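To keep things clear, I will list the structure first and then write my remarks on it.
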Amino acid sequence: MSETGTQSLTDEIPAGGVFEPPAELAGSANVTAETYRLAKEDRLAFWAQAAGRLDWSKTWDEVLDWTNPPFAKWFTGGELNVAVNCVDRHVAAGRGEKVAYHWVGEPGDTRDITYAQLKDEVSKAANALTSLGVQAGDRVAIYLPMIPEAVISMLACARIGAVHMVVFGGFSPDALASRVEDAGAKVVITADGGYRRGAPSALKPAVDEALTKVTGVDHVLVVKRTEQDVEWTEGRDQWWHDLVDGQSTEHEAQAFDAEHPLYIMYTSGTTAKPKGILHTSGGYLTQVSWTHWATFDLKADTDVFWCAADVAWVTGHSYIVYGPLSNGATSVMYEGTPETPHRGRWWEIVQQYGVSILYAAPTVVRTFMKWGAQELEPFDTSTLRVLGSVGEPINPEAWLWYRKNVGNGTATVVDTWWQTETGAHMIAPMPGVVATKPGSAQRAIPGISAAVVDEEGKPVEPGATGYLVLTEPWPSMLRTIWGSDERYVETYWSRYGKDVYFAGDGAKLDEDGDIWLLGRVDDVMNVSGHRISTTEVESALVSHPTVAEAAVVGATDPQTGQGIVAFVILRGGAEDSGEDLVTTLRQHVRKEIGPIASPRQIMVVAELPKTRSGKIMRRLLRDVAENRELGDVSTLTDSSVMDLIGQKMPASS
Ligand code: WT7
């Protein structure tokens with residue numbers, strides 16, 4: 001630990017173990033105890049009321065059709081245009097001059113975009129996509145840095161009923177190619193590059209490489225951001241400014257069915273092949289919009305909201321784009337990293353725009369904690385009143401540090417549990433109503449039913465641990481896995497029957513009935529809030545010519561939550577060149593998946609611990625990786641394997 005004076009903060013916790021809602025917040029909170037009561041009494045009426053916050057061109061016939069579980073239809077027969085709900089209706093209501101985004105580029109350039117300007121930009125981009133032959137239902141891949149064009153592209157797709165599929169700019173050409181192929185995208189929107197840690201980082205070459213591997217992409221639209229040199233494929237590539245800037249700002253938006261697909265987002269599962277999570281329109285926007293308003297106690301006229309995620313993750317989709325815009329909020333959008341050009345960059349931005357609601361991941365809170373509270377001191381962050389957390393369990397210590405040092409000891413911390421699949425918040429203490437407990441996401445939000453169950457699916461007793469399940473369908477739920485209804489049913493709706501959603505997270509129920517999330521129970525790691533499958537990394541390693549077999553585990557890491565630790569067996573003839581080999585393999589994984597999947601440690605071993613049925617015992621490898629006493633080794637074919645592996649492990653890690 002550095003010189004931060006990190007004595008334990010647990011003495012900050014009031015007697016009783018909870019923080020009562022700040023009086024000011026409680027006095028005018030968007031959600032009240034009555035909201036919980038009404039939602040409990042009639043869940044569907046509650047969601048219908050939430051849907052009523054949106055503009056529908058045609059009202060729905062039925063709130064929920066659950067006659068064919070697990071295939072849900074919400075707001076059947078209803079019609080709306082998602083982009084119109086996010087943009088046009090605010091302009092029509094006379095709020096066109098309101099800032100939608102204070103955009104901040106990493107090098108220091110800024111751009112304020114009003115709702116009226118956003119409407120023009122989205123309309124032009126919609127016209128441009130139409131001119132490229134994009135029609136409702138077609139898929140458009142978006143591979144962009146955190147620049148306004150990312151949001152504009154997403155909304156342009158939504159406006160014309162095209163399905164966007166955003167790929168994180170840090171993903172490799174191979175990862176991009178497999179997603180473009182699986183989704184069947186016909187257009188890719190990218191940029192020459194983006195800024196990352198003070199330097200331009202190229203994007204276009206990755207698209208060029210990816211497109212040598214897939215067919216079907218007719219057009220590549222390129223935003224100029226860094227002015228880096230780019231290769232050009234005539235007839236396929238076009239500059240965004242050449243095509244979009246000259247388009248008309250008039251665009252008549254058509255309404256689409258509530259179940260019209262809105263986007264696909266790929267996420268890691270237990271196999272090497274990422275799953276294309278499909279979200280649709282009416283239900284998704286209803287829950288995203290309601291939760292953005294409720295969970296953060298949004299006062300759209302006065303709050304300045306900042307969700308510090310990348311727009312390419314579901315957090316960005318729901319809480320940089322669709323939630324805030326549907327609510328007519330003003331948001332900050334920041335392109336870069338927290339330490340560029342200095343460690344106070346976030347607080348400088350908070351001060352500059354008067355940010356009042358901040359939504360961030362525990363991994364970044366722990367980084368700030370490591371840097372120390374003095375980094376905040378030069379800046380006025382007193383405007384902050386609600387602090388959200390998302391992506392992984394937040395340690396009580398980090399929670400307390402966040403409240404004390406970022407929230408000036410007065411802000412409310414809201415830990416939000418949800419997933420790419422759930423689309424929106426599911427478990428979170430509603431501010432102003434629920435007294436908060438450091439480290440626990442606590443309870444299902446109004447309109448949501450969650451439970452902690454045992455192996456048989458029976459609810460556990462208070463004090464016990466089990467698996468988190470969702471026992472009723474919800475508006476923003478995924479509708480399927482793109483191209484594989486079967487995998488959808490099998491992954492989420494088979495363990496406890498066709499109407500119980502298995503989230504893949506372990507959870508503990510405490511004596512008050514509050515839920516504590518314990519992390520994934522499947523072979524999925526959580527590194528800095530990003531889901532990475534152990535199998536995916538293993539496959540990447542095994543695809544290298546020197547590797548015969550690989551086992552990957554997530555080991556507890558003070559900074560990133562989990563760190564990736566790989567054990568590899570070399571092929572006959574391959575030589576263990578020590579650090580050189582480790583570097584080569586790391587680079588190989590970066591190339592195959594992306595930098596976020598690069599293992600923290602790679603160990604060359606002679607054997608892997610296996611059961612008699614040949615299953616690798618990752619549990620034991622995790623013990624080694626975390627420097628623990630080994631658990632039960634009795635089911636191993638050969639227990640001496642573990643002695644050899646143990647000797648390999650550097651003691652310091
Ligand atoms: C997994 C979902 C939700 C957007 C970001 C990640 C973990 C997420 C929490 C939380 C404990 C959390 C779970 C979940 N997770 N939020 N507040 N407390 N765990 O989305 O990549 O789909 O990952 O992240 O393990 O299953 P994702």
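Determine which single condition residue 495 fails, assuming it passes every other condition in (1) surrounded by fewer than 21 Cβ atoms within 10 Å (Cβ to Cβ); (2) within 13 Å of the ligand (Cβ to nearest atom).
Failed condition: (2).
Quick test for you: out of 457, 519, 504, pick the one residue that is assigned to a loop (DSSP other than H, G, I, E, B) and either within 16 Å of the ligand (Cβ to nearest atom) or touching a residue at least 12 places away in the same chain (Cβ under 8 Å) (or both).
457
So, in segment 413-426, of the ones that are in a loop (DSSP other than H, G, I, E, B) and of a type in the set (Val, Ile, Thr), which residue ends up nearest to the ligand (Cβ to nearest atom)?
Here the answer is 420.
Can you name the residue in segment 282-324 that is hydrophobic (A, V, I, L, M, F, W, C) and in a helix (DSSP H, G or I) and, of all such residues, is surrounded by the fewest Cβ atoms within 10 Å (Cβ to Cβ)?
Applying the filter and picking the extreme gives 293.
In this structure, is residue 435 on the phi < 0 side of the Ramachandran plot and within 16 Å of the ligand (Cβ to nearest atom)?
No: the conditions fail for residue 435.
Given the conditions (1) crowded, with 23+ Cβ neighbours inside 10 Å; (2) part of a loop (DSSP other than H, G, I, E, B); (3) more than 9 Å from the ligand (Cβ to nearest atom), report the number of the one that residue 410 does not fulfil.
(1)
Which of the residues spanning segment 541-560 are farther than 14 Å from residue 600 by Cβ, without any contact (Cβ under 8 Å) to a residue 60 or more places away in the chain and not in a loop (DSSP other than H, G, I, E, B)?
542, 547, 548, 549, 550
Checking the conditions here, which among 107, 145 is more than 22 Å from residue 327 (Cβ to Cβ) and crowded, with 24+ Cβ neighbours inside 10 Å?
145
Filter segment 248-272 for residues that are more than 16 Å from the ligand (Cβ to nearest atom) and part of a strand (DSSP E or B); which is surrounded by the fewest Cβ atoms within 10 Å (Cβ to Cβ)?
Residue satisfying both the conditions and the ranking: 257.
For every residue, the table says whether it meets (1) modelled with pLDDT of 90 or more; (2) among the basic types (Lys, Arg); (3) more than 16 Å from the ligand (Cβ to nearest atom).
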residue: 527; (1), (2), (3): yes, no, no
residue: 541; (1), (2), (3): yes, no, yes
residue: 546; (1), (2), (3): yes, no, yes
residue: 562; (1), (2), (3): yes, no, no
residue: 581; (1), (2), (3): yes, no, yes
residue: 591; (1), (2), (3): yes, yes, yes
residue: 597; (1), (2), (3): yes, no, no
residue: 608; (1), (2), (3): no, no, yes
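Quickly run through segment 61-92 and pick out the residues that are buried (at least 21 other Cβ atoms within 10 Å of the Cβ) and among the aromatic types (Phe, Trp, Tyr).
74, 75
Of the residues that sit in segment 376-407 and are within 17 Å of residue 22 (Cα to Cα) and assigned to a strand (DSSP E or B), which one is nearest to the chain's Cα centre (by Cα)?
Only one residue fits best here, namely 388.
The values are calculated or read from the model by the stated rules, or taken from the named source; none is laboratory data. Note that the coordinates shown come from a computational prediction; the quantities given were computed from them, not determined experimentally. Note: ideal-geometry Cβ built from the backbone for every residue, glycine included; neighbour counts use all protein chains shown.
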